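In what follows, a structure is listed as structure tokens, so that the remarks can point back to it.
The values are calculated or read from the model by the stated rules, or taken from the named source; none is laboratory data. For clarity, every value in this text was computed on a predicted model and none was experimentally measured. Methodologically, a virtual Cβ is constructed for each residue, glycine included, from the backbone with ideal geometry; neighbour enumeration extends over all protein chains shown.
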Amino acid sequence: MRPRQIALHAALTAGGLAMLFPFGWMLLTSFKSVRQMLNDPLSWLPDPWRWANYPDALDAMPFGLAYWNSFYIAALNVALTLLTSAMAAYAFARIRFRGSEVLFVVFLATQMVPAQVTVVPLYLMLAEFGWIDSHLSLIVPTVANPFAVFLLRQFIRAVPVELEEAARIDGAGRWRCFWNVVLPNIRPGLGALGIIAFLASWNSFFFPLIFLNSPELATVPLLLSQFSGQRTAVDYGLILAASAIAVVPTLIAFLVGQRRIINSMAASGLGGR
Amino acid sequence: MALLTRARPGRVRDRDGWWAAFFLAPQVVALAVFLVGPLCFAVVLAFMHWDGLGQKEWAGLANFAATLSDPQFGRAVWNTVKLALLTVPAGLGLALLIAIALNSVRGGGFYRVLYFLPVVTSSVAVALMWQIILAGDEFGVLNTSLERWFGIPAPDWLGDPDWVIVAIAAVTIWSSLGLNVVIFLAGLQTIPPQIVEAARMDGAGGLRIFRSVTLPLLSPTIFFSSVVAVISSFQAFDQIYVLVDPEYNEGARTIVYQVYELGFLDFQFGLSSAAALILLVLTLLVTLVQFAAQKRLVHYDS
């Protein structure tokens with residue numbers, strides 16, 4: 001048993017290092033000068049450490065503003081997604097109504113449609129609303145989230161129906177049942193969904209790229225994409241300093257909540273089968 | 001008990017219909033306005049000539065004919081299929097190996113975090129990190145080391161149209177690996193240890209247990225992940241757009257990029273919608289094939 005454990009640990013560590021390498025290389029290179037990279041692209045440690053890459057990156061683009069934009073958009077997305085999808089999930093799990101099953105299948109089917117199929121008409125429609133180059137284009141349409149409804153429906157179905165019946169006998173209406181009985185009992189589901197929704201919004205790139213124009217409205221990924229070597233003069237030190245500025249806070253957030261994040265993503269993967 | 005049964009939700013049909021409508025309204029309205037509506041509009045647009053400014057003109061099947069006979073679109077379809085073929089089997093296979101290793105090792109939680117890091121990282125940042133590793137110029141870490149240590153001349157991964165899809169596939173596998181690992185790991189942990197124990201008692205070796213116990217019991221999870229993986233590889237955009245601009249490298253042009261370019265760079269809304277619908281049909285076809293194959297390959301416990 002023992003040698004096998006050691007071999008497995010060795011293999012997993014090697015794989016883990018391969019996963020870490022791009023992150024480590026990003027951090028190290030973000031302190032290098034272009035001259036050093038030209039002299040020896042394989043040199044590990046920055047020599048000298050060029051701390052100025054960070055202020056330079058922050059000067060080149062309005063990162064502080066982008067952080068605030070990304071944060072408040074993601075927070076609103078999470079709040080709207082949790083409330084509306086829990087409501088719909090409650091209706092599907094607990095209320096009998098005509099067409100319930102058909103409607104649920106329609107919900108599931110719409111999940112198959114790639115965002116790119118509807119993006120042109122969506123753009124034209126949002127332009128009619130006057131929402132192009134406005135954060136409304138990123139906040140409101142993402143409310144439609146069949147996956148979230150599906151996930152929470154699973155959680156609500158696991159709540160014993162007797163709890164609700166007891167509340168109803170005590171005179172609680174549908175809304176009170178939903179708000180005071182069901183929601184507190186699906187907290188883990190809401191937490192998991194909240195994290196998934198936050199990450200999806202924070203990392204979203206396709207819609208901001210298409211719907212936003214003004215630099216002061218840009219989200220973090222959108223701003224970061226401006227640094228791509230394909231589009232600007234190549235100063236990899238600066239590019240990677242910008243990447244680090246964009247990535248490190250999310251990495252910290254992930255490390256703090258990693259157990260819950262990983263478990264919820266794994267559960268949502270299993271739940272969908 | 002009789003009282004409880006009478007109070008069961010769903011007895012008063014009329015009132016519950018109204019309550020259902022109330023609870024469903026926000027999601028249903030959002031879905032209708034932002035998903036179903038645009039989908040229907042996309043179908044209409046695909047049969048129109050329209051640049052967003054002038055009159056809409058009925059085009060019949062002209063957009064589909066033009067799209068299907070466009071050699072550039074042909075390349076885009078081929079690149080999309082190639083990307084799926086390169087990422088899905090290799091990515092899922094690798095994830096399965098890692099999940100099995102993690103499942104049979106003590107203290108796997110730490111590795112789980114390592115493998116999961118790229119999943120939570122912005123796709124744009126991932127593309128930028130890999131740009132410097134894969135760069136074909138004197139900055140490229142991979143090629144410089146290949147040449148210096150092994151004397152192998154390597155292709156310009158991001159610049160060479162023949163190799164760029166391979167590079168994109170590698171980055172895609174790297175960034176999505178962790179998600180499949182934790183899903184498979186969760187699936188493996190639902191396999192009752194008694195079954196594995198019983199197989200071992202009957203004299204089955206590690207490989208035999210894998211083939212006859214683990215794989216069948218995990219097959220619903222693998223099937224689900226493969227459907228998701230194919231769909232998301234068909235929709236890949238962010239990393240391709242940042243890693244290599246397909247405008248300058250035809251080898252990276254996928255159907256999704258074609259939809260984006262026709263719609264938002266050329267303002268050919270009809271052509272763009274036609275290409276998008278072809279992507280949708282392709283997605284549905286592949287999913288149907290997967291569901292058909294599932295009947296024969298996937299084991300559901302009865």
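Tell me, yes or no, whether the stretch A:252-263 has at least one residue that is over 30 Å from B:Leu114 (Cβ atoms) and touching a residue at least 60 places away in the same chain (Cβ under 8 Å). No, the stretch A:252-263 contains no residue that is over 30 Å from B:Leu114 (Cβ atoms) and touching a residue at least 60 places away in the same chain (Cβ under 8 Å). Applying the criterion of being at the interface with chain B (Cβ under 7 Å from one of its Cβ atoms) and touching a Pro at 6+ places or on another chain (Cβ under 8 Å) to the residues of the stretch A:108-118, the residue that is surrounded by the fewest Cβ atoms within 10 Å (Cβ to Cβ) is A:Thr110. Residues in the stretch A:211-227 that are in a helix (DSSP H, G or I) and buried (at least 21 other Cβ atoms within 10 Å of the Cβ): A:Phe211, A:Val220, A:Pro221, A:Leu222, A:Leu223, A:Leu224, A:Ser225. For the stretch B:127-173, a residue qualifies if it is over 24 Å from the mean Cα position of the chain (by Cα), among the aromatic types (Phe, Trp, Tyr) and in a loop (DSSP other than H, G, I, E, B), and exactly one does: B:Phe139. With respect to (1) surrounded by 14 or more Cβ atoms within 10 Å (Cβ to Cβ); (2) farther than 27 Å from A:Leu199 by Cα; (3) more than 10 Å from chain B (Cβ to nearest Cβ); (4) among the hydrophobic types (A, V, I, L, M, F, W, C), the lone exception for A:Met61 is condition (2). As a summary of the residue check, B:Val256 satisfies the conditions (1) within 19 Å of B:Leu179 (Cβ to Cβ); (2) at the interface with chain A (Cβ under 10 Å from one of its Cβ atoms) except for the one numbered (1).
The combined condition, being modelled with pLDDT of 85 or more and closer than 30 Å to B:Gly37 by Cα, is not fulfilled by B:Thr221. Any residue at all in the stretch A:37-48 that's surrounded by fewer than 18 Cβ atoms within 10 Å (Cβ to Cβ), part of a helix (DSSP H, G or I) and within 11 Å of chain B (Cβ to nearest Cβ)? Taking every residue of the stretch A:37-48 in turn, at least one turns out to be surrounded by fewer than 18 Cβ atoms within 10 Å (Cβ to Cβ), part of a helix (DSSP H, G or I) and within 11 Å of chain B (Cβ to nearest Cβ). If you go through the stretch B:278-302 and keep only what is over 13 Å from B:Val77 (Cα atoms) and within 10 Å of chain A (Cβ to nearest Cβ), you end up with B:Leu284, B:Thr287, B:Val298, B:Tyr300.
Answer yes or no as to whether A:Leu76 is surrounded by fewer than 22 Cβ atoms within 10 Å (Cβ to Cβ), of a type in the set (A, V, I, L, M), closer than 21 Å to A:Leu183 by Cβ and facing chain B (nearest Cβ under 8 Å). Here the answer is no, as A:Leu76 does not meet what is asked. Within the stretch A:112-119, can one find any residue that is β-branched (Val, Ile, Thr), out of contact with any strand residue (DSSP E or B) (no Cβ under 6 Å at 6 or more places or on another chain) and touching a residue at least 12 places away in the same chain (Cβ under 8 Å)? Yes, the stretch A:112-119 has at least one match. Looking at the structure I just gave you, is B:Phe237 within 11 Å of another protein chain (Cβ to nearest Cβ) and within 19 Å of A:Met112 (Cα to Cα)? Considered against the rule, which asks whether it is within 11 Å of another protein chain (Cβ to nearest Cβ) and within 19 Å of A:Met112 (Cα to Cα), B:Phe237 comes out as yes. Any residue in the stretch A:228-246 that is modelled with pLDDT of 80 or more and more than 30 Å from A:Asn39 (Cα to Cα)? No, the stretch A:228-246 contains no residue that is modelled with pLDDT of 80 or more and more than 30 Å from A:Asn39 (Cα to Cα). For the stretch B:173-184, the count of residues that are more than 9 Å from every other protein chain (Cβ to nearest Cβ) and surrounded by fewer than 18 Cβ atoms within 10 Å (Cβ to Cβ) is zero.
Residues of the stretch B:35-56 that are touching a strand residue (DSSP E or B) at 6+ places or on another chain (Cβ under 9 Å) and within 22 Å of A:Val140 (Cβ to Cβ): none at all. Of the listed requirements (1) modelled with pLDDT of 90 or more; (2) surrounded by 15 or more Cβ atoms within 10 Å (Cβ to Cβ); (3) hydrophobic (A, V, I, L, M, F, W, C), B:Phe139 misses just one: (1). The set of residues from the stretch A:17-36 being closer than 19 Å to B:Ser122 by Cα and at the interface with chain B (Cβ under 9 Å from one of its Cβ atoms) comprises A:Ala18, A:Met19, A:Leu20, A:Phe21, A:Pro22, A:Phe23, A:Trp25, A:Met26, A:Thr29.
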